[in-house]
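Structure, as structure tokens:
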Protein chains: 2
Amino acid sequence: MKALKSHYHHGDLRATLVEAAVRLLETEGIDALSIRRLAELTGVSRAAPYHHFQDKRELLCAIAEAGFVQQEATLTALEDLQGRERIEQFVHTYVSFATQHREQYDLMYGREIWKNSGATTSLEVVAKQCFKRWLSEVTALQAQSILNNNLPAVRVAQVSWAALHGLCRLINDGIYADDADIEAMEASLVAMLVS
Amino acid sequence: MKALKSHYHHGDLRATLVEAAVRLLETEGIDALSIRRLAELTGVSRAAPYHHFQDKRELLCAIAEAGFVQQEATLTALEDLQGRERIEQFVHTYVSFATQHREQYDLMYGREIWKNSGATTSLEVVAKQCFKRWLSEVTALQAQSILNNNLPAVRVAQVSWAALHGLCRLINDGIYADDADIEAMEASLVAMLVS
DNA sequence: CCCTAATCTTGACAACGCTAAGATAATAAT
DNA sequence: ATTATTATCTTAGCGTTGTCAAGATTAGGG
């Protein structure tokens, strides 16, 4: 017979923690995301999460990883588009994801995770695969002469992604504060990439 | 007669703190930068810094501000260059500053400072002036037909700066890990901006 | 039914940001 | 010269955090 209030063997605490973390992250921001509060939210003791994550950073990596697969999903939905429309939608979708999941995006590409090669190997795999995808995207667009094809695909991929990423960061960090400008900046980015 | 070990009225504690903070930041990283350690380093009590900075964030703003004026100085040194060489050197100087002052650069353009409009007004002034400078740079390059002049200068400035910034972040965050690629990426960035 | 391994709890430690109350020193006023 | 004012620094302490060690509880295989 199961005791009602028994908190032992929660079920799948790991997944529950990640879910709660993503939610908490998006509603209250990174500063509010503490192991202790997370434990409290999921009705478990402060030390419990440490049986599923070595570190806080490992938890953050799991959040980031979830972000990557979600982002991947939104981008894969554009498969049937071609040519210029494709890159336009790609940019728009990318920026939208970043602005709608600010905190998670910051985590995915942020220092907290990547410095001192602190990323989980499983996260590294997902992230690398994400860049590979963009690389093949670029190669295709180069073949259609939509992107600069005087430069190696790797370079074009690196620089264009940097531009996309930089735009998202400046927006998310509140440096390009005016939200009404986002569309215009997206359009200009595309224009400058394809010209 | 002055007591030797008197820690009262340090002299210019505010400046001393900022200096020590910049040093500590660059040597041990942002995580090691605590008010308490800073106080210890400058031989003062833990609460002393709070008489010169309301918050930790205000201290961080001061560090960022110092970074902006230093960066401004390195960029002003390029005044006599023209045309394509100018933009090349500009990019190179910008990236070099970012990589040589990683932690400070991250602070300058990072969330920690800008979110929730948490920047000091004096920092906001310096930063805004920095963008204005880049804007006029862009206008000049547009006039020489080096940069895209089918788009408003503001947009070109926003996007190109985003590209520059994004590149720096990806490098600093260790996502574009290979340092040997930096030069090539700089060159490609310029190529894509001017093409 | 018991044993092992997985899982969770309690209790504690050090470090952190920050505050309140009081001590000390420089400065200005008398 | 003495006093009052103000700026500056200190000591003591609160609440929060990440993390660990030791022990309690439970699930599942022999």
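Only one of the numbered conditions (1) modelled with pLDDT under 95; (2) open to solvent by 50 Å² or more (accessible area, probe 1.4 Å) is violated by B:ASN150, and that is (1). Within segment B:83-127, being open to solvent by 40 Å² or more (accessible area, probe 1.4 Å) and free of Cβ contacts under 8 Å to residues at least 40 places away in the same chain holds for B:GLU85, B:GLN89, B:GLN100, B:ARG111, B:ASN116, B:SER117, B:THR121, B:GLU124, B:VAL125.
Can you name the residue in segment A:51-60 that is away from every other protein chain (no Cβ under 14 Å) and open to solvent by less than 90 Å² (accessible area, probe 1.4 Å) and is also nearest to DNA strand C (Cβ to nearest atom) among such residues? Explain how you work it out, then say what you get.
Initially, segment A:51-60 is screened for residues away from every other protein chain (no Cβ under 14 Å), giving A:51-54, A:58-59.
Add one more test, that the residue is open to solvent by less than 90 Å² (accessible area, probe 1.4 Å), and what stays is A:52-53, A:58-59.
Numbers: A:HIS52: 6, A:PHE53: 11, A:GLU58: 14, A:LEU59: 13 Å.
Across segment A:51-60, the extreme among qualifying residues is A:HIS52.
Under the condition of being within 12 Å of DNA strand D (Cβ to nearest atom), over 24 Å from B:TRP114 (Cα atoms) and among the aliphatic types (A, V, I, L, M), the residues counted in segment A:8-43 number 4.
Per-residue answers, yes or no, for (1) within 10 Å of DNA strand C (Cβ to nearest atom); (2) buried (at least 19 other Cβ atoms within 10 Å of the Cβ); (3) not β-branched (Val, Ile, Thr):
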position	(1), (2), (3)
A:LEU17	yes, yes, yes
A:GLU26	no, no, yes
A:ASP31	no, no, yes
A:ARG36	yes, no, yes
A:LEU41	no, no, yes
A:ARG46	yes, no, yes
A:PRO49	yes, yes, yes
A:ALA64	no, yes, yes
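If you scan segment B:174-193, which residues turn out to be surrounded by 16 or more Cβ atoms within 10 Å (Cβ to Cβ) and more than 9 Å from chain A (Cβ to nearest Cβ)? Result: B:ILE182, B:GLU186, B:VAL190. Taking the numbered list (1) on the phi > 0 side of the Ramachandran plot; (2) without any contact (Cβ under 8 Å) to a residue 60 or more places away in the chain; (3) more than 15 Å from DNA strand C (Cβ to nearest atom) in turn, B:ASP80 passes all entries but (1).
Just a yes or no: is a residue in segment B:117-137 among the basic types (Lys, Arg), touching an Asp or Glu at 6+ places or on another chain (Cβ under 8 Å) and away from chain A (no Cβ under 11 Å)?
From segment B:117-137, those among the basic types (Lys, Arg) are B:128, B:132-133; that's our starting set.
Right, trim to touching an Asp or Glu at 6+ places or on another chain (Cβ under 8 Å) and you get B:133.
Keeping just the survivors that are away from chain A (no Cβ under 11 Å) gives B:133.
Yes, some residue in segment B:117-137 is among the basic types (Lys, Arg), touching an Asp or Glu at 6+ places or on another chain (Cβ under 8 Å) and away from chain A (no Cβ under 11 Å).
Determine whether segment B:45-60 contains at least one residue that is part of a helix (DSSP H, G or I), under 30 Å from B:GLN144 (Cα atoms) and away from DNA strand D (no atom under 16 Å from the Cβ). Please lay out each step first, then the result.
Residues of segment B:45-60 that are part of a helix (DSSP H, G or I), as a first pass: B:48-51, B:56-60.
Within this subset, residues satisfying the condition of being under 30 Å from B:GLN144 (Cα atoms) are none.
Among the residues of segment B:45-60, not one is part of a helix (DSSP H, G or I), under 30 Å from B:GLN144 (Cα atoms) and away from DNA strand D (no atom under 16 Å from the Cβ), which makes the answer no.
When B:LEU135 is tested against (1) assigned to a helix (DSSP H, G or I); (2) of a type in the set (A, V, I, L, M); (3) over 28 Å from B:VAL194 (Cα atoms), only condition (3) is not met. Restricted to helices (runs of 4 or more DSSP H) entirely inside segment B:68-117, those with at least 1 residues that are hydroxyl-bearing (Ser, Thr, Tyr) are B:83-100, B:102-108.
The values are calculated or read from the model by the stated rules, or taken from the named source; none is laboratory data. Because the structure is a prediction, the values reported are computed rather than measured. All Cβ positions, even for glycine, are placed from backbone atoms using ideal geometry, and neighbour counts span all protein chains on display. Ligands, DNA and RNA are stripped out before the accessible areas are found, and what is left, the full protein with its side chains, is counted by its heavy atoms. Shrake-Rupley method; radii C 1.70, N 1.55, O 1.52, S 1.80 Å.
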